[in-house]
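The values are calculated or read from the model by the stated rules, or taken from the named source; none is laboratory data. Keep in mind the model is a prediction, meaning the values are calculated, not measured. Counting neighbours? That spans all protein chains shown, and the Cβs are built from the backbone with ideal geometry, glycine included.
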Amino acid sequence: MLPDQRLVGIRGFLIDAPSRDRLRGIRDGALLIEEGCITAYGSYESIRVAQAGRDIRWLHSPEAVLIPGLIDVHAHLPQYPAVARHSEALLPWLQQHIFPLEKQFKAATSRVQSRAFFEDLARHGTTCAMLYAAVFADSADAAFSAAEESGLRLIIGKVMMDVGSYGSLPAEKTSDRSCAESESLCRKWNGRDGGRLEYAFSPRFAVSCSGELMRRAGELAQKHGAYLQTHLSENTDEVALVKTLFPDRASYTDIYAHYGLLGPRTVLGHCLHLSDAEMAQMAEARAVVAHCPTSNFFLTSGLMPMDRLCRAGLRIGLGSDVAGGPELNMWQVMRSAIETQKARHYHDASVPVVGAVEAFHLATLGGADALGKSRTIGSFEIGKEADVVVLDLASITPYGRKLNPHAQLTAEDVISLLVYRGGPAAVVETFVRGRSVYRAPAPGLI
């Protein structure tokens, strides 16, 4: 990690996506960063001339590509060791692989794994993530301590369950204890370091939560102005089971509405099997959808009807959903988001196909908007906080630097290459609020 710098310039091909259908690109551009915020944005030469006489520490070169930090709106911290453990569907997968693993995620395990997890996020160019911990308060607290050290922008919540999805839960893991522990963690960590760390009340899903627990989780999130995260309509067997558990409610979404879980800071994972009425109910509450396409493919959960969600007016961000999703690589998530809509389009020509620009927008400014952070991060604007990823395009282009194709590539070319070939090998350095939180061991020539 680099030491703090009061005045830093980062040079490279600037690319961001201010809307779903448009990129901005400045070849040999630059960002000027002061006190963690962007204070100048434009061509390197214009900024160099305008700032003549100031002591600027310039980093990187015209060969670099600079993008806003990637945003992962849905992942499970304790589950990372279980990636790629196959099962036929969601509910058996949880019982066979996930609940046994999460039962082991105590404080000592969390201290070690959380540090490694956050390092891996930064190595992949993810600067902001919304995460579930396990049910144990001490392990969630340890995760927050590691998050504070990491420098990343993180939203974390202790999983809340009072129905025995781990098996026979200890007697003390009642609704009262779950709520008390969650509120204590929220009081300690929500808003830490100027809002870099935030808390999310996290009732897992209606299968593992009583109505009383869900109601109290919603009340606590509203009381503290915190996030709330849960899962909704991921799998058809799950939807059928929930209907038997709450027969008096009109739909899965209506359960959450009834118990006060829906709101503008509620992030709902998956949302694959929703009726139009449910989408309208979510939109009215201004709730957010976490689209997790790699997980949906891996667990054969279904294909996201993104066009219907967009028409309903719902905000959408992208999530890796580790360990349902097999990796933290948000470029792979973007690619899978595209392929999901291509698969739907193949069977129904009226379904619009998502392109690389739109997918990139969803992983940057779209994700920021989904989390209510679009005024702070997600694109390159003067006054925004400097969450920036520096990339080496030669690491993913055919023949690398041997044929030096970079001068001919447009911003659209670059983003398409990254969506289809990008990953941690391309990440040279990751910044959050202008501070380096990851630097590749051998960053090459840029």
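Is one or more of the residues making up region 2-9 in contact with a Gly (Cβ under 7 Å, 6 or more places away or on another chain) and buried (at least 16 other Cβ atoms within 10 Å of the Cβ)? Yes, the conditions are met somewhere in region 2-9.
Mind checking whether some residue in region 43-60 is assigned to a strand (DSSP E or B), without any contact (Cβ under 8 Å) to a residue 24 or more places away in the chain and more than 27 Å from ASN329 (Cα to Cα)?
yes
Yes or no: region 172-183 includes at least one residue that is touching a Ser or Thr at 6+ places or on another chain (Cβ under 7 Å) and under 23 Å from ALA143 (Cβ atoms). Yes, some residue in region 172-183 is touching a Ser or Thr at 6+ places or on another chain (Cβ under 7 Å) and under 23 Å from ALA143 (Cβ atoms).
Regarding HIS86, is this residue at pLDDT below 90 and under 24 Å from GLN332 (Cβ atoms)? Against the criterion (at pLDDT below 90 and under 24 Å from GLN332 (Cβ atoms)), HIS86 qualifies. Scanning region 61-84 for residues that are in a loop (DSSP other than H, G, I, E, B), more than 22 Å from LYS106 (Cβ to Cβ) and not polar (S, T, N, Q) turns up PRO62, GLU63, GLY69, ALA84. Scanning region 217-272 for residues that are assigned to a loop (DSSP other than H, G, I, E, B) and over 19 Å from ARG315 (Cβ atoms) yields ASN235, PHE246, PRO247, ASP248, ARG249, ALA250, SER251, TYR259, GLY260. Just checking, does region 197-212 include any residue being more than 20 Å from LEU371 (Cα to Cα), in contact with a helix residue (DSSP H, G or I) (Cβ under 7 Å, 6 or more places away or on another chain), buried (at least 21 other Cβ atoms within 10 Å of the Cβ) and modelled with pLDDT of 95 or more? Yes, some residue in region 197-212 is more than 20 Å from LEU371 (Cα to Cα), in contact with a helix residue (DSSP H, G or I) (Cβ under 7 Å, 6 or more places away or on another chain), buried (at least 21 other Cβ atoms within 10 Å of the Cβ) and modelled with pLDDT of 95 or more.
One line per residue, one yes/no per condition, for (1) farther than 23 Å from TYR346 by Cα; (2) buried (at least 21 other Cβ atoms within 10 Å of the Cβ):
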site: ASP276; (1), (2): no, no
site: ALA280; (1), (2): yes, no
site: CYS292; (1), (2): no, yes
site: PHE297; (1), (2): no, no
site: LEU303; (1), (2): no, no
site: GLY317; (1), (2): yes, yes
site: VAL322; (1), (2): yes, yes
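Scan region 85-92 and tell me whether some residue there is touching a residue at least 60 places away in the same chain (Cβ under 8 Å), assigned to a helix (DSSP H, G or I) and under 25 Å from LEU121 (Cα atoms). Yes: one or more hits. Out of curiosity, is GLY434 in the same structural domain as MET330 (by TED's automatic domain parsing) and touching a residue at least 24 places away in the same chain (Cβ under 8 Å)? For GLY434, the condition - in the same structural domain as MET330 (by TED's automatic domain parsing) and touching a residue at least 24 places away in the same chain (Cβ under 8 Å) - is not met.
If you filter region 386-444 down to residues that are among the basic types (Lys, Arg) and in a loop (DSSP other than H, G, I, E, B), you find that the one that is surrounded by the most Cβ atoms within 10 Å (Cβ to Cβ) is ARG433. Total residues in region 206-216 satisfying the condition of being in a loop (DSSP other than H, G, I, E, B) and among the hydroxyl-bearing types (Ser, Thr, Tyr): the figure is 1.
The number of residues in region 268-281 being touching a strand residue (DSSP E or B) at 6+ places or on another chain (Cβ under 7 Å) and at negative phi comes to 2.
Mind listing whichever residues of region 10-25 are surrounded by fewer than 20 Cβ atoms within 10 Å (Cβ to Cβ) and either of a type outside the set (Asp, Glu) or part of a strand (DSSP E or B) (or both)?
Of everything in region 10-25, those that are surrounded by fewer than 20 Cβ atoms within 10 Å (Cβ to Cβ) and either of a type outside the set (Asp, Glu) or part of a strand (DSSP E or B) (or both) turn out to be PRO18, SER19, ARG20, ARG22, LEU23, ARG24, GLY25.
Of the residues making up region 121-144, those that are part of a helix (DSSP H, G or I) and either in contact (Cβ under 8 Å) with a residue 60 or more places away in the chain or farther than 22 Å from GLU385 by Cα (or both) number 10. Only one entry of ASP176, ASP193 meets the criterion of being assigned to a helix (DSSP H, G or I), out of contact with any helix residue (DSSP H, G or I) (no Cβ under 6 Å at 6 or more places or on another chain) and free of Cβ contacts under 8 Å to residues at least 24 places away in the same chain, and that entry is ASP176.
Residue count for region 57-80, restricted to those that are more than 16 Å from the chain's Cα centre (by Cα) and of a type in the set (A, V, I, L, M, F, W, C): 5.
Restricted to region 356-375, and to residues there that are part of a loop (DSSP other than H, G, I, E, B) and in contact (Cβ under 8 Å) with a residue 24 or more places away in the chain, the residue that is surrounded by the fewest Cβ atoms within 10 Å (Cβ to Cβ) is GLY372.
Within region 324-353, being assigned to a loop (DSSP other than H, G, I, E, B) and buried (at least 24 other Cβ atoms within 10 Å of the Cβ) holds for GLY324, GLY325, LEU328.
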